[in-house]
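Encoded as structure tokens, the structure appears first; notes follow it.
Please treat every number below as a calculation from the coordinates, not as lab data. The model shown is predicted, which means the values in this text are computed figures rather than measured ones. Neighbour counts run over all protein chains shown; Cβ positions are idealised from the backbone, glycine included.
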Amino acid sequence: MRPQYPLVALAACLVLGGSAGAQTGFRTEDRVDLFELDRSLIAVDSSGQRIAELDLELGEEVVSIGSKGRLGVASTTTRLLGFRSGDSEWREIRYRVSERNSPPTRLHLAERVALVALPSRVLALTASSPGWLEIRLGPGERAERVFSDANLGAVVTSRRAIAVSDETGFVEIGLGPNERIETSSARDSSISLATQRRLLIFRAGTARWLEVPRVVNP
């Protein structure tokens with residue numbers, strides 16, 4: 001039988017921490033913490049003062065784990081697991097057979113968006129999405145850049161730029177055959193990508209990329 005003392009201690013810390021925050025008026029930015037304990041994954045949600053426990057399967061091992069803001073994500077040898085502040089259970093997505101040999105080791109986490117790049121698809125979990133969001137990559141297409149900031153994230157391949165936000169899900173724009181990203185920047189609610197011929201801007205809450213042509217001096 002698994003000892004229950006660690007969970008009791010976590011629950012006590014959670015309640016005490018919530019009480020202290022309420023008394024001082026301090027607002028906790030990181031609402032979700034993840035732990036691997038005794039063949040289990042444990043999500044601690046400070047906003048609702050709850051704990052969600054998930055048992056690992058036989059032979060399943062944790063590859064990478066992290067949390068930030070409202071989200072927590074764990075990559076294992078068989079699946080990707082996510083937990084969101086306010087939820088009562090974990091959300092999973094299984095790897096395909098071809099993905100099991102190289103489970104993701106890098107998790108791109110922001111306060112409201114988590115991005116994970118796999119060889120043939122990109123997965124995202126947001127603070128309000130119904131579950132894991134998925135966009136497929138074409139033959140020979142790979143995620144070359146992945147970055148995120150508080151409310152959104154983006155993936156750049158040789159063929160397109162793909163943004164994701166809590167409000168819109170995935171939104172993409174095609175890149176030309178020889179068009180490459182020269183500079184990029186990510187802020188709380190916007191992402192900017194500059195190529196040799198245009199500036200691409202995506203803002204949280206919009207469902208399209210804004211294009212601004214660059215003036216090239218002769």
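Quick notes on this structure:
- Label zone (Glu144, point 7 Å along Cα-to-C-beta; backbone nitrogen cut-off 18 Å) within the stretch 196-212: 196-201.
- Distance (nanometres) between label positions extended 7 Å along Cα→Cβ at Ile65 and Asn178: 5.0
- FRET efficiency, Leu37 to Thr105 (Cβ-Cβ, R0 22 Å, nearest 0.05): 0.60
- Placing a label point 7 Å from the Cα of Leu210 along the Cα-to-Cβ direction, the residues of the stretch 158-192 whose backbone N falls under 11 Å from that point are 190-192.
- Value in Å of the Kirkwood radius, where the stretch 71-218 supplies the Cα pairs that are averaged: 15.8
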